[in-house]
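Heads up: the structure comes next, in structure tokens.
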């Protein structure tokens, strides 16, 4: 069930009406609080089962394993047994994730390597019919998100940072809370569980901010992202089957088109994912629950480190807390720090999918970050987003503006370059497009290529993206997400009405979220 469909609107109106009825009594009546949580749990299972009921068995299995493992960890005084219980939880979650998402990738590469050796030795090669592949298994929606969320819970219990949840149904709601179930944010139990266990009823401030988040989310998703998709698909093709049936068509693409396509796709995936996350944030606020903001205007980042502190915040926080710090972080010197960062970016690429394109994308982020940290970062600058002190002279301010603008364009361009790898269907397409990106451009279109030229793509890009760029720019420089409510009522009415107008007149409804594939 997609947020950007009529059926979800109907679903949410029914769920919300019953939720408010229970919430009215929940502060004084314990039964109403229990009914409220059980109702949300039922709604969450219905929401997730809408895609495929069989997926419910997987998420229920993960819930039971982590619930039992955490209770066992907390009740055990023997460190060895505590580690065994934790290992069972991690092995079960990663095993499920590996089987559904990565098995074929590793199996195919293993078979290819075996075949190369067999040919060299004069033996027989293995075919698909003689190997155990899972090509017909559909990837469960959101599996990468909820497995990471449940693993973080058991790890936190093992580290004694939180207590194990005794109520199974409250824990199940933490795992299955429908606004953030299929596309994040990846919440920590210490942040989300206390809110779910309390009686929930929205405040006027929560409703106001929640409705704005929903409006902003739909604006980003159905207006910006899904309109940009038309032009992104011209460069990268709408489906893999079209590319595989016409592999030579990528040779006719010009580097200038690939260059523009990288920017369009990076903006598309940002607005697609962030928009969906803001809708989730707004829906949760209406339910009296505050989720983590997953995107903080990353297109205005001046350094690679600032970009990754603003893009997919909860995933990066997860890797930092459970991988980077566990590996020692920066405690053992610069070399160890850089090694750990490279591991994180490699795993981040692998998290996105079982394809060399994603791994290349992740490794490129690691290269950018290493170059920045080694050559440009200040010694005591950890996040790369601190504004240096400058004099008040006009020339200094102008220099700061020009330097800041150049830095932001450069960082976004570097990430757009890596986005070409991310969007490619396979390694061959990726190498061809990256080569075209870096080669001398012809500026001419192939007679058989229906793609707009670079100038046409840029024209469409700014026509669609410019309103959001202005809104995000104000948010970034004011450092206030809800700045709209601090302005004059007439300005509020104009901005909100303009966003709603574009959604209703130019919005594309019903398109899936790109990150459902991850």
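The values are calculated or read from the model by the stated rules, or taken from the named source; none is laboratory data. The structure presented is a predicted model; accordingly, all values stated were derived computationally and were not measured. Don't worry about glycine lacking a Cβ; one is built from the backbone with ideal geometry, like all the others, and counts go over all protein chains shown.
Quick notes on this one:
- With a requirement of 3 or more residues that are surrounded by fewer than 21 Cβ atoms within 10 Å (Cβ to Cβ) and at pLDDT below 90, the helices (runs of 4 or more DSSP H) lying completely within the stretch 232-318 that satisfy it span 240-245.
- Residues of the stretch 340-369 satisfying the condition of being without any contact (Cβ under 8 Å) to a residue 12 or more places away in the chain and crowded, with 16+ Cβ neighbours inside 10 Å: none
- Residue 227 being out of contact with any strand residue (DSSP E or B) (no Cβ under 6 Å at 6 or more places or on another chain), over 24 Å from residue 192 (Cβ atoms) and assigned by TED's automatic domain parsing to the domain that holds residue 470: yes
- Residue within the stretch 361-382 that is within 25 Å of residue 226 (Cβ to Cβ) and modelled with pLDDT of 90 or more present: yes
- Tally, over the stretch 191-204, of residues that are closer than 19 Å to residue 172 by Cβ, over 21 Å from the mean Cα position of the chain (by Cα) and outside any loop (DSSP other than H, G, I, E, B): 5
- Condition broken by residue 441, with the remaining ones in (1) surrounded by 12 or more Cβ atoms within 10 Å (Cβ to Cβ); (2) more than 25 Å from the chain's Cα centre (by Cα); (3) outside any loop (DSSP other than H, G, I, E, B) satisfied: (3)
- If the condition is being free of Cβ contacts under 8 Å to residues at least 40 places away in the same chain and touching a helix residue (DSSP H, G or I) at 6+ places or on another chain (Cβ under 9 Å), then the stretch 478-504 contributes 478, 480, 483, 486, 487, 491, 492, 495, 498.
- Positions within the stretch 410-431 being farther than 16 Å from residue 369 by Cα and exposed (fewer than 15 other Cβ atoms within 10 Å of the Cβ), in sequence order: 426, 427, 428
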